[in-house]
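Written out below as structure tokens is the structure these notes cover.
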Amino acid sequence: MQSIGDIKCFIEPCNIVMPTVVFISALSAAIWAFISIKSSKEIAREIARKNASIIIMEKLIDNEELKKAVTIVSMMHNDPNIDMCIYAYPASPSPSEDRQAKKEAIFTVLNFNDLIAIGIKNKIYDELLIKEQRYNATINLFSMMKDFIYKYRSLSMCHTFCKEFEILANRWTEQPLPRAK
């Protein structure tokens, strides 16, 4: 049987306070560790996004095939005798080399820009960094190519063709870069 002294010792504040302090300390340390780890992961992801964005910009500068394709598409756009929508139609059984080269150039440029838009959507690339570097090119290219994109979608029944590129260009049009002061 327990004596009153044993019960009194069990109820004393030192026996209740000490475990409570230890529990609160452990809980605080666990919360701090969780926040630190989560914050470190977010910082690492942000650095990785910016690094990936810089790499894609370097590839853009070094990509001779893409540069050539952009030149072809720009020349086609500036030629009043060429309707780029004709390249949305399926190719004839034996298309000319010129027609095939122009069609490939269109798809090279659009696929590259759609790839960037998909990367931004999936947080692989840093949107602000790319927007600051490619804002005008993206807006102008979509404006130049939207008739082709819509025609290709209707003919191929591929309603997602360049969809992310379209969404990105429209968002950037609605939310332009702030003017430099």
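No lab work stands behind these numbers, since they all come straight from the coordinates. None of these values were measured; they are calculated from a predicted model. When we count neighbours, we look across all protein chains shown, and the Cβ atoms used for this are built from the backbone with ideal geometry, even at glycine.
Could you give the length gained on full extension between Thr160 and Asp147, defined as 0.36 nm per residue of separation minus the Cα-Cα distance, in nm?
3.2 nm
Based on the Cβ-Cβ distance from Ile167 to Ser74, what FRET efficiency comes out when R0 is 25 Å, to the nearest 0.05?
After rounding to 0.05, the efficiency reads 0.60.
Assuming R0 = 35 Å, what is the FRET efficiency of Asn140 and Ile47, from their Cβ-Cβ distance, to the nearest 0.05?
With R0 = 35 Å, the Cβ-Cβ based efficiency is 0.70.
With each label point set 7 Å from Cα along the Cα-Cβ vector, what nm distance links Lys121 and Lys67?
Calculated label separation equals 3.0 nm.
Considering the convex hull of the alpha carbon atoms of region 32-181, report its projected area averaged over all viewing directions, in nm², one decimal.
Seen from a random direction, the Cα hull of region 32-181 projects 12.3 nm² on average.
How much of the pair distance distribution for region 89-137 lies past 15 Å, counting alpha-carbon pairs only, in percent?
Cα-Cα pairs of region 89-137 separated by over 15 Å account for 58 percent.
How big is the charge dipole of region 69-181 about its Cα centre, in debye rounded to the nearest 20, if each Lys and Arg gets +1 on its Cβ and each Asp and Glu gets -1 on its Cβ?
Values: 14 positive and 13 negative charges, 67 e Å.
The calculated dipole for region 69-181 is roughly 320 debye.
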